[in-house]
1. So, in region 223-242, exactly how many residues are closer than 14 Å to Val182 by Cα and surrounded by fewer than 18 Cβ atoms within 10 Å (Cβ to Cβ)?
2. Applying the selection to region 210-227, what residues are more than 38 Å from the chain's Cα centre (by Cα), free of Cβ contacts under 8 Å to residues at least 24 places away in the same chain and in a loop (DSSP other than H, G, I, E, B)?
3. Just to check your reading of the model, which residue among Thr39, Thr9 is modelled with pLDDT of 70 or more, exposed (fewer than 11 other Cβ atoms within 10 Å of the Cβ) and not in a loop (DSSP other than H, G, I, E, B)?
4. How many residues does region 146-201 hold that are of a type in the set (Val, Ile, Thr) and touching an Asp or Glu at 6+ places or on another chain (Cβ under 7 Å)?
5. Of all residues in region 110-152 being aromatic (Phe, Trp, Tyr) and closer than 26 Å to Leu64 by Cβ, which is surrounded by the most Cβ atoms within 10 Å (Cβ to Cβ)?
6. Kindly indicate whether any position in region 189-204 is surrounded by 13 or more Cβ atoms within 10 Å (Cβ to Cβ), at pLDDT 95 or above and touching a Leu at 6+ places or on another chain (Cβ under 7 Å).
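The values are calculated or read from the model by the stated rules, or taken from the named source; none is laboratory data. Only a predicted model underlies this, so the values are computations on that prediction, with no experimental measurement involved. Every residue, glycine as well, gets a Cβ built from its backbone with ideal geometry; the counts of neighbours run over all protein chains shown.
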Amino acid sequence: METNLEYWTEKLITLGTTYGLKVIGAIVFWIIGSWVIKTILKTSRNLMAKSDYDESLKKFLLNLVSWGLRILLVITLLGVLGIPTTSFAAIIGAAGLAIGLALQGSLANFAGGVLILLFKPFKVGDYITGSGESGTVKEIKIFTTELATPQNRKVIVPNGPLSNSNITNYSANELIRLDMIVGVSYDDDIKKTKEVLMNVLTSNPKVLKDPAPMVAVTELADSSVNFAVRGWVKNSDYWDVHFENTEAIKLQLDAAGIEIPYPHSVEIQKQG
């Protein structure tokens with residue numbers, strides 16, 4: 001009985017000596033590691049706030065950093081306790097590869113969403129064209145971007161193709177140039193036509209005086225002399241000015257007796 005007690009006492013002392021210090025070290029390492037993670041997250045949060053990151057991207061990146069650091073901390077603790085971590089690293093790597101292959105499309109959309117939220121080629125409220133779609137941006141999510149077409153149709157565009165396509169942002173600048181092409185007959189006077197077209201531009205209060213509007217002959221086409229009619233407007237006034245000027249050009253050219261060429265049908269009558 002006494003021999004067994006001595007045996008187990010020695011066993012406990014040996015185990016305590018062998019693993020006690022490792023357990024204490026692991027506990028201390030966990031406390032310090034948790035404090036370091038909190039400090040890194042707090043610093044990252046402050047830096048993102050100064051950089052005006054999108055709120056959804058901010059939360060995602062902070063969660064990603066938090067989980068990554070905690071996984072790294074757990075694997076390190078296992079190493080401190082003397083548990084081999086090579087197998088854990090291999091399992092995590094294999095799982096990551098399998099998930100990546102299974103979710104290739106989703107990961108591409110996710111990466112595209114991160115790039116859009118990070119570099120901000122457009123924001124909510126902008127009118128854009130990208131990935132073959134046009135519309136006003138209603139919402140930017142991690143995987144998709146929601147557009148509303150001029151007909152108020154809802155279009156969901158995957159962020160992967162959108163971030164890799166050419167994006168035209170019509171709302172990025174405060175001012176935008178309205179370009180119109182007007183063709184008149186070869187029989188009409190060029191100077192008089194330019195005066196009429198310039199009067200259309202200068203008479204519209206929404207067309208800016210600076211930069212100055214411009215009217216110029218741009219092409220001698222097969223059946224018409226074409227004029228470039230250009231005026232700068234505020235972004236919000238673009239379509240109003242487009243419709244107003246289109247109507248005014250037709251009315252003022254008619255009033256001045258200047259013809260806009262169009263195809264004429266010829267009626268052939270039978271003789272006899």
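1. Start the filter on region 223-242 by keeping residues that are closer than 14 Å to Val182 by Cα, which leaves 223-231, 242.
Going one step further and asking which of them are surrounded by fewer than 18 Cβ atoms within 10 Å (Cβ to Cβ), we end up with 223, 226, 228, 242.
Looking only at that region, the number is 4.
2. Within region 210-227, Asp222 is the sole residue that qualifies.
3. Details: Thr9 fails: modelled with pLDDT of 70 or more.
None of the others qualify; the one that does is Thr39.
4. 4
5. At the first step, the residues of region 110-152 found to be aromatic (Phe, Trp, Tyr) are 110, 119, 122, 127, 143.
Next, only the ones that are closer than 26 Å to Leu64 by Cβ stay: 110, 119, 122, 143.
Values: Phe110: 16, Phe119: 8, Phe122: 20, Phe143: 16.
This residue is Phe122.
6. There is at least one residue in region 189-204 that is surrounded by 13 or more Cβ atoms within 10 Å (Cβ to Cβ), at pLDDT 95 or above and touching a Leu at 6+ places or on another chain (Cβ under 7 Å).
Residue by residue, here is whether (1) more than 30 Å from Gly125 (Cβ to Cβ); (2) among the acidic types (Asp, Glu); (3) assigned to a loop (DSSP other than H, G, I, E, B) holds:
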{"position": "Met180", "(1), (2), (3)": "no, no, no"}
{"position": "Thr202", "(1), (2), (3)": "yes, no, no"}
{"position": "Leu208", "(1), (2), (3)": "no, no, yes"}
{"position": "Arg230", "(1), (2), (3)": "no, no, no"}
{"position": "Leu251", "(1), (2), (3)": "yes, no, no"}
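The rows are residues; the columns are (1) in a loop (DSSP other than H, G, I, E, B); (2) of a type in the set (A, V, I, L, M); (3) farther than 24 Å from Gly231 by Cβ.
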site	(1), (2), (3)
Ala108	no, yes, yes
Gly112	no, no, yes
Ile116	no, yes, yes
Ile128	no, yes, no
Val157	no, yes, yes
Pro161	no, no, yes
Ala172	yes, yes, no
